[in-house]
Amino acid sequence: MSDRKGGRGRPPKKKGARRPAAGERRALSQSAPQTHLRGDPEVGRLLERAFERLEGNPDRLTHAFHTYPAKMHPGLASSLVRSMSAPGDEILDPFCGSGTVLVEAMALGRRSRGLDLNPLALRIAEVKTTLRGKAARKRFLETAHGLAARSEERVRARVDARAPLDPEEARWYSGHVLKELAGLREEILELPDEDRRVFEIVFSSILMKVSKQRSDTAERETTRRIRKGLSTELFLRRARELEERWADLSHACREVGTIHRPRLALGDVRELPQLMEGREPIDLIVTSPPYAGTYDYVDHHARRYPWLGLEPTRLREGEIGARRALKGQEGLQRWDRELGDALRGMAAVLGPDGRAVLLLGDGQIERERVEAERQVERLAPSAGLAVIAVASQARRDYSGRRDRREHLIALRRS
Ligand SMILES: C[S@@+](CC[C@H](N)C(=O)[O-])C[C@H]1O[C@@H](n2cnc3c(N)ncnc32)[C@H](O)[C@@H]1O
């Protein structure tokens, strides 16, 4: 690991601030996990500070509007963007998911780009980074009330509507819920395009709550009593919440004085060099790739795709780190290839002074624990990257195995 002198990420020199020695362990507070630092102490301190922000309120701005598995903590994203970039810089999150880094970049006046292979992720990120002024938000609320009134009327009059689901998929809903959702969807489809795109995501945000599925990440049946009209009520409540969250985001953007809506693209991290060809190099990457063998993102959103008419074929084929694809020794080699190629993609678009910070947890490939920071250190040189610093914290493993660690890994081009 070599140190990098100069550049934007250098921490402010605070009088009396004590630098941690390499490898030093220290507790954040009595109950907070210890942070283990390696590499450049100054950059390590920035990473440690970002971990400290894990204790802050995660519901600011538009962050809590729609669930998404393994969302990044907004405080952590904000701390990294703030401390490792300057106004005017361009930030990239090539695994942007629901857009946490992009929302924080906006609130800090940074330009940003988001990439993800999940079409639903991009639709959520689009809504979360939408800016609507007061008058437009008022119109949005009026439209929401109109939709809800028409949906209630359909329920009262028992108007039939067709859900775009096959019988296997339809069994995840009680009959009356299915009908109510189908009616609501038909009303949404009548809206002009810009409104339709937003209300489809409001609709998506309530699906799990009214289905028989336990949660996004647990595809097990659970019993929920959903009375007639409740789906519409939840829909309206969510729309109101979104309006309030948009107001917060607008306020934050006004405070910072510049407005940069992120550019979003559906794509594979390994295609970054082609996707970014001819564009300015990136100043800072802040991202959280999938943790090896932990999730199957494509399955976690299975309930939502058919309602929204989204086709997740590319995610099914190109999702990296997917639990379903990583088995045995071959799985370990595959994950090495996937992560190595992802690092190469990121290195290719980073400017000469640019940095990348990965939030990556140890993976589990069947019985094998994959130590993420060791793996990145091993793969970085052939990807054209060098590790600057690593901050690691232990995380409880609820499957009963020994604790895993989660790492913030700062890299630069080598
Ligand atoms: C840990 S999640 C990111 C969550 C995000 N930081 C947030 O706060 O919502 C990892 C993301 O990687 C995406 N992904 C998986 N394979 C990918 C690939 N090959 N290229 C781009 N994105 C990919 C998944 O769709 C998922 O959204």
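All of the numbers you see were taken from the coordinates with simple rules; none came from a lab. If you're wondering where the values come from, they're calculated on a predicted model, not measured in any experiment. Because the Cβ atoms are built from the backbone with ideal geometry, glycine has one as well, and the counts that use them run over all protein chains shown.
Comparing Tyr291, Tyr68, Tyr398 in a Gaussian network model of the chain, where Cα atoms under 10 Å apart are tied by springs, the biggest mean-square fluctuation is seen for Tyr398.
Annotated for the chain: lysine pairs at least 8 residues apart or interchain, Cα distance under 18 Å, count 9.
Helix 230-256 and the longest principal axis of the C-alpha atoms of the chain enclose an angle of approximately 40°. For the chain, find the longest principal axis of its Cα atoms and tell me its angle to the long axis of helix 74-84, 0 to 90°, nearest 10. The helix 74-84 is inclined about 40 degrees to the chain.
Fewest to most neighbouring Cβ within 10 Å: what's the order for Ser250, Ser174?
Exposure proxy ranking, most exposed first: Ser174, Ser250.
For the range 134-247, what's the relative contact order in percent, using C-alpha pairs closer than 8 Å and at least 6 residues apart? It comes to 33 percent, rounded to a whole number. Run the quick spin-label model on Thr223 and Ala64: label points 7 Å from Cα toward the beta carbon, then report their separation in nm to one decimal. Going by the 7 Å Cα→Cβ label model, 3.0 nm. Of the residues Ala157, Ala265, Ala121, the one that moves most in a GNM of the chain with alpha-carbon contacts below 10 Å is Ala157. A quarter of the convex hull surface defined by the alpha-carbon atoms of the range 134-247 gives 7.3 nm² as the mean projection.
Ordering Met72, Met106, Met208 from the fewest to the most neighbouring beta carbons within 10 Å gives Met208, Met72, Met106. By the count of neighbouring beta-carbon atoms within 10 Å, fewest first, Tyr305, Tyr173 end up ordered Tyr305, Tyr173.
Each 10 Å bin from zero holds the following percent of Cα-Cα pairs in the chain: 5, 21, 30, 25, 14, 5, 1, 0. Between Ala170, Ala380, Ala144, the Gaussian network model of the chain with springs among Cα atoms under 10 angstrom shows the greatest mean-square fluctuation at Ala170. The 3J(HN,Hα) values that the Karplus relation (6.51, -1.76, 1.60; θ = phi - 60°) gives for the range 101-118 are, in residue order, 5, 5, 4, 5, 4, 4, 5, 9, x, 9, 6, 8, 10, x, 10, 7, 8, 9 Hz. Gly and Pro appear as x. Amide H contacts of Asp397: Asp403, Arg404, each under 5 Å away and 5 or more positions distant or on a separate chain (H built 1.01 Å from N in the peptide plane; Pro and chain starts excluded). How about the range 167-212: which trypsin sites (Lys or Arg not before Pro) there lie in a loop by DSSP and see at most 13 other Cβ atoms within 10 Å? The qualifying sites are Arg171. For the chain, the longest principal axis of the Cα atoms and the long axis of helix 193-210 meet at an angle of about 90 degrees. Close amide H contacts of Arg132 (hydrogens built in the peptide plane, cut-off under 5 Å, sequence separation of 5 or more or a different chain): none are found.
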